[in-house]
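Notes follow the structure.
Each reported figure results from applying straightforward, stated rules to the coordinates on display, with no laboratory input. The structure displayed is predicted, hence computed values, not measured ones. So basically every Cβ, Gly included, is an ideal-geometry build from the backbone, and we count neighbours across all protein chains shown.
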Amino acid sequence: MRCGGRGRGRLGHKDQARLVATWSLLGLSRLAIAVLPFRVVRRALGEHRAPVAPAAPVEVGEVALDRARWIGVLVRYAAGHTPWRSDCYPQALTARVLLRLARVPHVVSFGVRRDGDALVAHAWVHVGGLVVTGQTGHDYAEVGSFGWAPASHREAGPTR
């Protein structure tokens, strides 16, 4: 089994297990989206942040950024190999679960843009300036975001 972006060719047993877990989480995320109203899913996303006045980003170390990069690779790779639709929303939910398990501070953002007469929605996840899933979202007007950080990051606040 190969997974792009790691530069080492074949995946080891631990990374294969992580990929299977990621694939399974994508399925659970897709199921949650299909059966649960957004207000229920919203509670699991973390602290709501106003899109007009976002909080200062929490600084993260290089180890956390490496974890976030690898989680992004796993989520995007697994999403490309599901028999169900695994677009930006289930990818964002899956990345959010994995980032929280890895204790990496992150923000899940939702946005919309006009495409002719239709509104197109998008979800993306970022850790500091690194976009983990969903590309950048620059073409979208952010309508909501949900942040999470371990208690140690929340108490300390952003460092300058």
Dipole of the stretch 13-156, positive direction: furthest Cα of 37, 75, 151, with charges on the beta-carbon: 37
Nonlocal amide H pairs with residue 132, under 5 Å, H built at 1.01 Å: 125, 126, 127
Per-pair calculated FRET efficiency, R0 = 25 Å: residue 39 and residue 114 via Cβ, rounded to 0.05: 0.50
Equivalent ellipsoid, the stretch 13-156 (semi-axes from 5 times Cα gyration tensor eigenvalues, Å): 21, 21, 14
Ranking of 82, 22 by count of other Cβ atoms within 10 Å, fewest first: 82, 22
